[in-house]
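These notes concern the structure reproduced below.
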Amino acid sequence: MSDLLSVFLHLLLLFKLVVPVTFRHHRYDDLVRTLYKVQNECPSVTRVYSIGRSVEGRHLYVLEFSDRPGIHEPLEPEVKYVANMHGNEALGRELMLQLSEFLCEEFRNRNQRIVRLIQDTRIHILPSMNPDGYEVAAAQGPNKLGYLVGRNNANGVDLNRNFPDLNTYIYYNEKSGGPNHHLPLPDNWKSQVEPETRAVIRWMHSFNFVLSANLHGGAVVANYPYDRSFEHPVRGVRRPANTPTPDDKLFRKLAKIYSYAHGWMYQGWNCGDYFPDGIINGASWYSLSKGMQDFNYLHTNCFDITLELSCNKFPPQEELQREWLGNREALIQFLEEVHQGIKGMVLDENYNNLANAVISVSGINHDVTSGDHGDYFRLLLPGTYTVTAKAPGFDPQTETVTVGPAEPTLVNFYLKRSISQVSSVGRAPSRRHGVGAKAQPQAARKKEMEMRQLQRGPA
């Protein structure tokens with residue numbers, strides 16, 4: 001009898017381990033408890049932190065997964081998911097909580113795919129960018145959900161129409177010449193945006209994000225930039241028109257990765273709409289100004305797409321399990337896509353890290369920059385590319401690179417200080433991180449003294 005009891009208890013324990021998390025909607029307090037529950041269950045690979053507060057004072061909490069939480073490891077890419085920026089679009093919020101618990105559980109179960117993902121990637125999950133709007137939408141009850149109630153934040157502002165407009169500048173620069181990346185913000189940008197938007201922009205400034213997706217509802221399609229049409233407005237409205245970025249082929253591939261890993265998105269027919277392959281260029285669907293997707297691409301190193309995941313913006317609880325099963329593999333595959341293209345370090349001749357070095361790919365009019373630690377990440381499709389790294393005061397370096405279909409190709413750059421910089425009596429401010437000028441080899445210092453002597457002429 002004791003043996004039977006032992007077997008029963010063992011089966012009960014196994015059942016307890018594999019029982020799925022509760023599929024229900026989480027109000028703000030429930031969301032916070034769930035994030036800290038995941039952190040308590042996986043303390044070695046998670047961290048909960050706040051990027052700011054909403055209009056009504058709710059924290060915008062992020063759950064981080066990493067083998068070294070809170071630390072950027074050089075050459076390890078940063079990726080983010082953002083959900084619920086429209087408060088009434090609730091599915092993304094619930095999927096992010098499900099994903100968080102899934103990553104923790106599978107890591108504890110030593111699922112090698114998930115273990116490797118967490119060891120090689122720093123993942124940031126923001127389940128709700130608009131917690132105030134969500135509370136308004138959720139308070140209506142399941143049978144009284146108005147289509148737009150709770151969409152905006154507590155100030156009545158649509159957060160996906162609230163980012164600084166950089167499209168106007170990039171369209172002008174593409175025609176007339178000018179920067180193709182990291183477009184500057186207006187001096188008064190902080191006063192033009194909502195607290196939630198401001199918090200997310202500061203978050204973007206704090207991490208060198210490489211890949212991102214923001215989760216919405218109301219359709220089923222993977223939407224990629226640009227979101228704003230080139231077309232001139234007619235009576236204040238811009239007509240839809242395909243408006244590709246310089247990385248259009250890459251964005252299409254990223255969108256297809258999600259669509260074809262999704263349970264039904266790839267079929268195209270959803271919610272009364274048809275999208276071939278389950279993807280669409282945002283501006284060819286409808287033109288959207290001041291959106292987060294385009295802002296990521298134009299102001300940071302991050303490639304961001306928009307995932308519309310459900311016909312019903314606030315699906316009933318009984319549909320949540322089906323939606324999770326339909327999205328689970330796609331959410332994981334999209335995270336894995338950050339490990340493609342090229343990456344490496346940008347260093348000077350003394351192996352000091354060079355931050356903000358510009359990485360250019362011939363034939364693609366969009367550059368990226370190295371981060372504070374001197375590491376850079378450039379997503380690319382398989383192929384052969386000519387890549388150049390440059391930084392003020394240094395000679396540029398160009399390499400021919402072949403990118404395969406699997407792991408990213410490691411390409412380090414070692415930039416030499418330009419002759420004009422070396423011979424300059426008044427040294428330009430250094431952009432290096434790490435060892436200072438005193439650590440230059442003796443020969444390099446001697447050479448610099450000789451150049452200065454030549455500049456002065458005979459004594």
Conditions (1) under 23 Å from the mean Cα position of the chain (by Cα); (2) in a strand (DSSP E or B); (3) surrounded by fewer than 20 Cβ atoms within 10 Å (Cβ to Cβ) -> Asn356 fails only (2)
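Return the residues of the stretch 401-418 that are farther than 16 Å from Met345 by Cα and either more than 27 Å from the chain's Cα centre (by Cα) or part of a strand (DSSP E or B) (or both); say none if nothing qualifies.
Those that are farther than 16 Å from Met345 by Cα and either more than 27 Å from the chain's Cα centre (by Cα) or part of a strand (DSSP E or B) (or both): Thr402, Val403, Arg417, Ser418.
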In the same structural domain as Asp120 (by the TED database) and either within 14 Å of Pro77 (Cβ to Cβ) or without any contact (Cβ under 8 Å) to a residue 24 or more places away in the chain (or both), is that true of Glu319? yes
Filter the stretch 309-325 for residues that are of a type in the set (Asp, Glu), open to solvent by 60 Å² or more (accessible area, probe 1.4 Å) and touching a helix residue (DSSP H, G or I) at 6+ places or on another chain (Cβ under 9 Å) and give the result. Glu319
Output the residues belonging to the stretch 391-400 that are surrounded by fewer than 19 Cβ atoms within 10 Å (Cβ to Cβ) and within 17 Å of Asp367 (Cα to Cα). Pro392, Pro396, Gln397, Thr398, Glu399, Thr400
Determine if the stretch 326-339 includes at least one residue that is among the charged types (D, E, K, R), farther than 17 Å from Arg122 by Cα and surrounded by fewer than 21 Cβ atoms within 10 Å (Cβ to Cβ). yes
Can you tell which of Asn223, Asn153, Asn160 is assigned to a strand (DSSP E or B), within 25 Å of Phe314 (Cα to Cα), open to solvent by less than 30 Å² (accessible area, probe 1.4 Å) and touching a residue at least 60 places away in the same chain (Cβ under 8 Å)? Asn223
Looking at the stretch 20-55 only, could you name the residues that are more than 25 Å from Glu194 (Cα to Cα) and assigned to a loop (DSSP other than H, G, I, E, B)? Pro20, Val21, Thr22, Phe23, Arg24, His25, Cys42, Pro43, Ser44, Val45
Specify which of the listed residues (Asn109, Asn160, Asn173, Asn167) is assigned by the TED database to the domain that holds Leu288 and touching an Asp or Glu at 6+ places or on another chain (Cβ under 7 Å). Asn167
Answer with yes or no whether Lys256 is open to solvent by 50 Å² or more (accessible area, probe 1.4 Å) and part of a helix (DSSP H, G or I). yes
Given the options Arg93, Arg58, Arg47, Arg53, name the one that is over 18 Å from Leu159 (Cβ atoms), in the same structural domain as Asp304 (by the TED database) and at pLDDT 95 or above. Arg47
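The values are calculated or read from the model by the stated rules, or taken from the named source; none is laboratory data. Since the structure is predicted, the reported quantities are computational estimates derived from the model, not experimental observations. Every residue, glycine as well, gets a Cβ built from its backbone with ideal geometry; the counts of neighbours run over all protein chains shown. Calculation scope for accessible area: heavy atoms of the full protein, side chains included, ligands and nucleic acids excluded. Shrake-Rupley method; radii C 1.70, N 1.55, O 1.52, S 1.80 Å.
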